[in-house]
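Peer 1: After the structure tokens below, expect a handful of questions from me.
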Amino acid sequence: YFIQSNLSSVTMTLSTVQSTVAHIQCSKTKTVGRFGSLLGYLPFLLTLLIGGGIVVCYCMAVGNGHVEAAFPYISDTGTFPPESCVFTLFMNLAGVVAIAIFTLRYLHVVQYNRGCSEAVRRINTAALIVGYISAFGIMVVGAFQETNQLTVHVIGAMMAFIGGTIYMVLIASLGFRRDVNFGVDERYYAKARMIMAVISAVSFIIMMITTYFGIIIWNSVPHEEDH
């Protein structure tokens with residue numbers, strides 16, 4: 001009876017331990033699941049940081065009389081304090097979030113394609129590197145205002161614009177490949193990404209052309225020294 005009682009106690013203890021472990025594992029799974037679902041909102045957060053930062057700096061710059069209200073350059077709205085401080089803050093936060101997004105995308109491709117071809121690994125790695133360069137360019141744009149360090153500011157802008165466009169092309173190209181698994185069918189997403197990449201590239205080219213002619217027209221007209 002004594003042995004049987006002890007065996008029953010041990011059995012109950014083991015059952016309790018197993019139940020506790022299962023509960024912990026279930027809680028961990030739910031926590032990871034919730035955390036993973038929250039990571040899906042990072043692209044929206046990135047959009048809010050960049051878009052919100054531009055709107056806030058624009059309102060501050062116009063309100064302080066630092067820029068004209070009619071379609072100023074984004075860089076012009078973040079040139080003078082106090083809006084330059086806000087511009088730097090938003091761009092740095094956006095750069096950090098962008099790095100997180102690029103890293104998660106890289107790990108997502110690696111997770112679902114452990115036995116993939118060398119070409120897929122190279123494209124995925126290249127996309128990660130280009131993405132990091134683009135994110136760093138965003139932070140450079142915010143840290144070096146055009147009136148203080150124009151050359152560095154322009155270099156950062158080129159890193160962000162060109163790097164971002166190349167990143168979209170590389171990620172879209174993975175979606176078109178038949179030997180890549182994402183856990184879901186990404187062909188439609190790949191088409192959308194490629195369309196956005198084309199729009200980004202065309203917009204960048206138009207911006208460069210209009211900027212070139214704008215500088216020529218500006219230099220051909222005399223201006224006061226403080227303008």
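Coordinate-derived values only; no laboratory data. Everything numeric here is computed off the predicted structure, so don't read it as measured data. Here the Cβ positions follow ideal geometry from the backbone for every residue, glycine too, while neighbour counts run over all protein chains shown.
Peer 1: Expected output is a single nm value to one decimal: the length gained when fully extending between VAL154 and THR211, i.e. 0.36 nm times separation in residues minus the C-alpha distance. What is it?
Peer 2: Computed gain between VAL154 and THR211 is 19.3 nm.
Peer 1: Multiply the residue separation of ARG187 and PHE71 by 0.36 nm, subtract the distance between their alpha-carbon atoms, and state the gained length in nm to one decimal.
Peer 2: Length difference between fully extended and current span is 38.1 nm.
Peer 1: Given 0.36 nm per residue, what is the gain on full extension from ILE195 to ASN92 after removing their alpha carbon distance, in nm?
Peer 2: Value of the extension gain: 34.3 nm.
Peer 1: Describe numerically, in nm with one decimal, the distance between label points set 7 Å from Cα along Cα→Cβ at VAL202 and at ARG122.
Peer 2: Simple spin-label model gives 3.1 nm for this pair.
Peer 1: Okay, moving on. First check a/c for the stretch 31-179, with a ≥ b ≥ c the square roots of the eigenvalues of its C-alpha gyration tensor; if it is under 1.5, answer rounded, and if not, answer prolate when a/b is larger than b/c or oblate otherwise. Numbers along the way, then the final one.
Peer 2: Numbers: a/c = 3.00, a/b = 1.97, b/c = 1.52.
Here the stretch 31-179 falls in the prolate category.
Peer 1: Return the distance in nm (one decimal) between the two label points of a simple spin-label model at VAL62 and LEU38, each offset 7 Å from Cα along Cα→Cβ.
Peer 2: So the label points at VAL62 and LEU38 sit 3.5 nm apart.
Peer 1: Hey, another quick one. Under the rule a/c < 1.5 gives rounded, and otherwise a/b versus b/c splits prolate from oblate, where does the stretch 128-220 land using the Cα gyration tensor?
Peer 2: It comes out oblate by the Cα gyration axes.
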